[in-house]
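Notes for the one structure printed next.
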Amino acid sequence: AAPDAYKYIEVSEPRPGVGQVTLSRPKALNALSGPLITELNTALASLSASPTIGAVVLTGSSKAFAAGADIKEMASLTFSEAYTTSFIESWSNLTTTVKKPILAAVSGYALGGGCELALMCDLIYCTSDAKFGQPEIKLGTIPGAGGSQRLTRAVGKSKAMELILTGKFFSGEEAEKWGVAARTFATHEELMAGVLETAETIASYSKVAVMAAKEVVNKSQDLPLRDGVEYERRVFHALFGSQDQKIGMKAFAEKSKAEWSHK
Ligand code: CAA
């Protein structure tokens, strides 16, 4: 879709090879309504298919990454409607269909579905005062977009229990300390500069190798160690069949810069 086709997000290419999706529903603190998620999936599918894009940054505003699923939209949903329409299932398109790395840049609120959306991304950078949390318990419900699983894998069972049972927010600084976020920044501007720099670095490498690296790291979340190590080795062996492995190792030996074929 053309960039101006979107109502709730903005899509840009701020650096060579880097696609940026900015959630933009400011009046609702970027609450993740059905139409917003549809646009997000469309934009990500198109960035995923673009031969020039090597990495994607997903961000919101300085006030909110996203304040959760849209509570007003959900309030009157019945069990039958949720079940038969597979409510929220389409959110996982993000992790299952996009092979390129997605970097979340979180400022302000990342609550409920917003926290889960960030956790679905491949890595999180945030401001030190970002406000993460799974406050669903206060609404009489529980996380529904993977929070109880991904947050638990990130911070361990005891802390995840505490966060999910109390609904208490945690800061960007804590997110980094606990391994939820890879890095924190003092301001939204510094965060965006930092995330774009990392995304540009990733986009400068062989796309085949980058996608394989993302795939094997994510497998570590699903597989037991022995199976994960074996999976990694298979993919590692497979990469000897890529042109870029030959290009990369030859360039090292010749002390020249690798010109990737992305094949
Ligand atoms: N859904 C719908 N609208 C939301 C929203 C949400 N998740 N979060 C904020 N908004 C709306 C508010 O209703 C308000 O709209 P109006 O001006 O029309 O009243 C507007 O955004 C601004 O919000 P506030 O006035 O509340 O702003 P604040 O600065 O006083 O508070 C906040 C900010 C602490 C983030 C507060 O808005 C809040 O608690 N939001 C809800 C957070 C939450 O519970 N998220 C979890 C949702 S459930 C979920 O996500 C399920 C899942 O696992 C998938």
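Just so it is clear, none of the values below were taken in a lab; they were calculated from the coordinates. Given the structure is predicted, the values throughout are model-derived calculations rather than measurements. Glycine gets a Cβ as well: all are built from the backbone with ideal geometry, and neighbour counts include every protein chain shown.
Nearest 20 debye, what's the magnitude of the dipole of the chain about its Cα centre given +1 on Lys and Arg Cβ and -1 on Asp and Glu Cβ?
Magnitude of the dipole: close to 480 debye.
For region 165-177, what does the Karplus curve 6.51 cos²θ - 1.76 cosθ + 1.60, with θ = phi - 60°, yield as ³J(HN,Hα) per residue in whole Hz, taken in order and with x for Gly and Pro?
Values per residue, Gly and Pro as x: 7, 9, x, 5, 6, 10, 7, x, 4, 5, 4, 6, 4 Hz.
Consider just the alpha-carbon atoms of region 28-142 and return their Rg together with their Dmax, both in angstrom.
Both quantities, over Cα of region 28-142: 14.4, 45 Å.
What are the ³J(HN,Hα) couplings of region 241-246, residue after residue, when phi is run through the Karplus curve with 6.51, -1.76, 1.60 and θ = phi - 60°? Round to Hz, x for glycine and proline.
With the stated coefficients, region 241-246 comes to x, 8, 5, 5, 5, 5 Hz.
Please list, in chain and number order, the residues 5+ apart from ARG183 or on another chain whose amide H is under 5 Å from its amide H, with Hs placed from the backbone.
CYS126
At a Cα cut-off below 27 Å, give the lysines reachable from LYS168, other chains included and same-chain residues fewer than 8 away excluded.
LYS27, LYS63, LYS72, LYS131, LYS138, LYS157, LYS159, LYS177
Cα extents of region 207-253 along the three principal axes, largest first, in whole Å?
36, 17, 15
Provide the packing ranking of 190-202, 225-237, i.e. peptides ordered by the mean count of other C-beta atoms within 10 Å per residue, highest first.
190-202, 225-237
How high is the FRET efficiency between ARG233 and THR78 when r is their beta carbon distance and R₀ equals 51 Å, given to the nearest 0.05?
E(calc), rounded to 0.05, equals 0.60.
Label-point separation (nm) for GLU10 and THR97, each offset 7 Å from Cα along Cα-to-Cβ?
Going from the GLU10 label point to the THR97 one covers 2.5 nm.
Using square roots of five times the C-alpha gyration tensor eigenvalues, list the equivalent-ellipsoid semi-axes of region 3-203 in whole Å, biggest first.
The answer is 25, 21, 15 Å, longest axis first.
Taking amide H positions as placed 1.01 Å from N in the peptide plane, with prolines and chain starts having none, which residues 5 or more places from VAL18, or on another chain, fall under 5 Å of its amide H?
Close amide H contacts, sequence-distant or interchain: GLY54.
Got a sec to turn the phi values of region 112-121 into Karplus ³J(HN,Hα) couplings, 6.51 cos²θ - 1.76 cosθ + 1.60 with θ = phi - 60°, whole Hz, x for Gly and Pro?
Per-residue couplings from phi come out as x, x, x, 5, 5, 4, 4, 5, 6, 5 Hz.
At 0.36 nm per residue, and after removing the present C-alpha to C-alpha distance, how many nm does the segment from SER62 to PHE240 gain when stretched out fully?
Extending this stretch completely gives an extra 59.8 nm.
Quote the FRET efficiency, to the nearest 0.05, computed for THR201 versus SER48 with a Förster distance R0 of 22 Å and r equal to the Cβ-Cβ distance.
For R0 = 22 Å, the calculated efficiency reads 0.70.
With the dipole of region 207-253 worked out from charges on the C-beta (+1 for Lys and Arg, -1 for Asp and Glu) around the Cα centre, which of MET249, HIS237, SER220 lies farthest toward the positive end?
MET249
At 222 nm, what value in deg cm²/dmol follows for the chain if DSSP H runs of at least 4 each add -39500 (n - 2.57) and the sum is divided by all its residues, to the nearest 500?
Result for the chain, helices only: -13000 deg cm²/dmol.
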